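The structure appears right after this line, and notes come after that.
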Amino acid sequence: MKKARARRKFLAKRDKIIGAARERAQAAIEENLFSVGGFFDAEDYFIYLSFGSEVATNNIISALLSRGKRIYVPKICEGKMLAVKISGGMKINSFGIAEPVDTVKAEKIDVCVTPLAAADKQLRRVGYGKGYYDKFFAVNDCVKIGVCFSAQVSQKEIETESTDVPLDILVTEKGVLKREK
């Protein structure tokens with residue numbers, strides 16, 4: 001399946017998950033993520049601030065902060081995505097997503113919890129088309145964890161490009177998939 005088609009198809013499916021079904025799926029995704037072996041062992045986490053119908057990250061961030069972990073979130077600067085510490089105030093960027101006003105960059109990232117439009121069972125990730133996360137992964141050696149609803153997982157392989165970086169782990173409400181090393 002072509003990436004553009006997968007993006008359209010699976011974002012439409014994600015948008016249809018609402019109400020109690022969404023709340024149950026969200027809780028199960030969080031439970032499955034927290035059960036990933038070693039998830040809470042790292043120190044530095046890069047986590048997206050959820051927007052629209054994405055899997056919400058506020059409970060994930062709260063759980064990590066309560067354990068004393070350092071949290072960094074995306075900030076777009078001059079066309080590049082940076083991992084920036086949550087500090088000071090927030091503002092809405094040109095995509096309509098909250099990001100920190102300050103720019104205290106991460107020295108290292110151990111784990112990245114990434115959003116996605118779609119994924120397949122080989123852990124190929126389809127983002128939103130700008131390549132921000134693939135560029136970030138190309139220069140940051142971290143555990144790449146995608147979180148999404150099971151409705152966003154394609155049964156067919158999704159075509160990728162040489163610049164696309166696969167996930168290490170994919171978490172849905174139905175379970176956890178890990179890439180074989």
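The values are calculated or read from the model by the stated rules, or taken from the named source; none is laboratory data. The structure displayed is predicted, hence computed values, not measured ones. Cβ: placed from backbone, ideal geometry, glycine included. Neighbour counts: every protein chain shown.
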By my count, strands (runs of 3 or more DSSP E) wholly in the range 106-174 with at least 2 residues that are modelled with pLDDT of 95 or more, in contact with a strand residue (DSSP E or B) (Cβ under 8 Å, 6 or more places away or on another chain) and closer than 22 Å to Ile76 by Cα are 111-114, 143-147
Hits in the range 81-105 (condition: out of contact with any Pro (no Cβ under 6 Å at 6 or more places or on another chain), at pLDDT 90 or above and either surrounded by fewer than 21 Cβ atoms within 10 Å (Cβ to Cβ) or part of a loop (DSSP other than H, G, I, E, B) (or both)) | Leu82, Lys85
Being closer than 26 Å to Asp44 by Cβ and among the charged types (D, E, K, R) narrows Lys121, Lys105 down to just Lys105
Quick one: in the range 166-181, of everything that is closer than 19 Å to Tyr132 by Cα and without any contact (Cβ under 8 Å) to a residue 60 or more places away in the chain, which residue is surrounded by the fewest Cβ atoms within 10 Å (Cβ to Cβ)?
-> Pro166
Would you pick out the residues in the range 44-79 that are under 17 Å from the mean Cα position of the chain (by Cα) and either among the basic types (Lys, Arg) or part of a helix (DSSP H, G or I) (or both)?
-> Asn58, Asn59, Ile60, Ile61, Ser62, Ala63, Leu64, Arg70, Lys75
Failed item, numbered, when Lys181 is tested on (1) more than 24 Å from Lys16 (Cβ to Cβ); (2) modelled with pLDDT of 95 or more | (2)
